[in-house]
Amino acid sequence: MAHTLRIALIGAINRDTIRTPDGMTTESYGGLLYSILSLVALMDGRAEVFPVCNVGQDVQAVVAGLLNPLVRCDGVRFVPDRNNHCFLDYDAEGRKQETLQGGVPPLTFDRLSPFLTCDALCFNFITGFELSLETFEQVRASTDAPILMDVHSLTLGIDEGRRRYWRRPPDWERWIACARVVQMNEREAALMWGTDVTGGAEMRRFGERVLGLGPSVLVVTRGAAGSDALFRDADGGIAAFHAAAEPPGSPVDETGCGDVFLMAFTVEYLRSRDVRRASVFANRAAGANCCLRGIEEIGRIREYAR
């Protein structure tokens with residue numbers, strides 16, 4: 001890399017309360033923090049990392065303490081609202097009910113405009129309410145920087161009791177059209193396409209539709225089964241590549257794996273512009289994250305991923 005990269009990370013920092021059937025309650029923080037801290041670790045001081053998010057005053061002290069000194073906090077604003085607080089309740093069969101309380105204001109174009117000259121803009125929709133579609137389209141029209149996005153909670157609606165539920169995102173094609181690289185997991189892909197995409201032919205049809213909207217790369221993550229990427233090759237055709245999952249040991253905590261995947265993909269994609277290399281490295285980093293416990297250990301991810 002000829003110069004120090006400047007990478008903007010747009011999303012939300014969550015406070016999480018996890019309740020399991022054995023009566024245990026675990027309090028933690030996550031969301032964009034996984035993106036921020038894993039990118040800092042993977043770049044090892046060779047990038048300026050600019051998180052852009054609103055953070056509630058009720059968690060200001062904790063979040064400030066978790067942020068790495070290498071993080072540029074120009075885009076972080078502490079607001080008087082209560083921070084996003086996600087309650088995750090698991091039943092005996094492992095089913096999860098997610099409830100989102102609190103909530104900070106969405107980001108405006110004015111908040112994002114100072115970062116449009118960065119080398120890349122990574123949008124990780126942790127809550128799905130980080131910014132409006134119109135703001136996202138305005139960003140796309142105002143920068144030449146590659147936009148990478150993780151669909152994530154755009155696929156979650158919210159009911160009157162603040163409970164989250166799966167649904168196809170309204171105007172999903174307009175959201176996707178704003179990005180160069182689109183990442184989603186296989187369930188999110190099935191919601192958008194209306195059917196399972198794990199079969200090769202169906203994945204191909206879905207990929208052709210997504211790439212026809214404007215993106216150059218579609219990545220569908222499959223957890224322990226690795227990931228599939230469809231992308232435009234040098235001749236303008238569509239190529240496909242499967243990368244295997246690469247955990248360096250026994251998984252202990254899968255939290256944040258999708259966030260780490262996107263950061264590692266971004267690192268290698270900006271370095272080489274090679275989707276295959278980026279997919280392999282992203283699977284390696286996500287696998288490493290599975291072998292670390294909690295956000296406190298994420299600084300060790302580079303020693304595993306390399």
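A few points about this structure:
- Among (1) acidic (Asp, Glu); (2) surrounded by fewer than 20 Cβ atoms within 10 Å (Cβ to Cβ); (3) closer than 18 Å to Asn124 by Cβ - the single one Asp196 does not satisfy: (3)
- Which numbered condition Ser153 misses (of (1) surrounded by fewer than 21 Cβ atoms within 10 Å (Cβ to Cβ); (2) in contact with a Gly (Cβ under 6 Å, 6 or more places away or on another chain)): (1)
- Hey, Gln183 out of contact with any Pro (no Cβ under 9 Å at 6 or more places or on another chain), part of a helix (DSSP H, G or I) and not acidic (Asp, Glu) or not: no
- Yes/no for Ser28 being polar (S, T, N, Q), in contact (Cβ under 8 Å) with a residue 60 or more places away in the chain and in contact with a Ser or Thr (Cβ under 9 Å, 6 or more places away or on another chain): yes
- Restricting segment 92-120 to residues that are in contact with a helix residue (DSSP H, G or I) (Cβ under 7 Å, 6 or more places away or on another chain) and farther than 16 Å from Asn54 by Cβ leaves a set whose member that is surrounded by the most Cβ atoms within 10 Å (Cβ to Cβ) is Ala120.
- Restricting the search to strands (runs of 3 or more DSSP E) fully inside segment 68-111 and requiring at least 1 residues that are of a type in the set (Lys, Arg) and closer than 28 Å to Gly161 by Cβ gives 96-101.
- Applying the criterion of being in a strand (DSSP E or B) and under 25 Å from Ala264 (Cβ atoms) to the residues of segment 141-180, the residue that is farthest from the chain's Cα centre (by Cα) is Leu156.
- Yes/no for Gly207 being of a type outside the set (S, T, N, Q) and over 21 Å from Asn283 (Cβ atoms): no
- Residue within segment 36-44 that is of a type in the set (S, T, N, Q), outside any helix (DSSP H, G or I) and in contact (Cβ under 8 Å) with a residue 24 or more places away in the chain present: no
- Qualifying residues in segment 74-105 (those that are free of Cβ contacts under 8 Å to residues at least 40 places away in the same chain and within 19 Å of the chain's Cα centre (by Cα)) - the one nearest to Arg46 (Cα to Cα): Val76
Each value in this text was obtained by applying a stated rule to the coordinates, not by laboratory testing. Everything numeric in this text was worked out from a predicted model, so none of it was measured. Note that we place each Cβ from the backbone using ideal geometry, even for glycine, and neighbour counts take in every protein chain shown.
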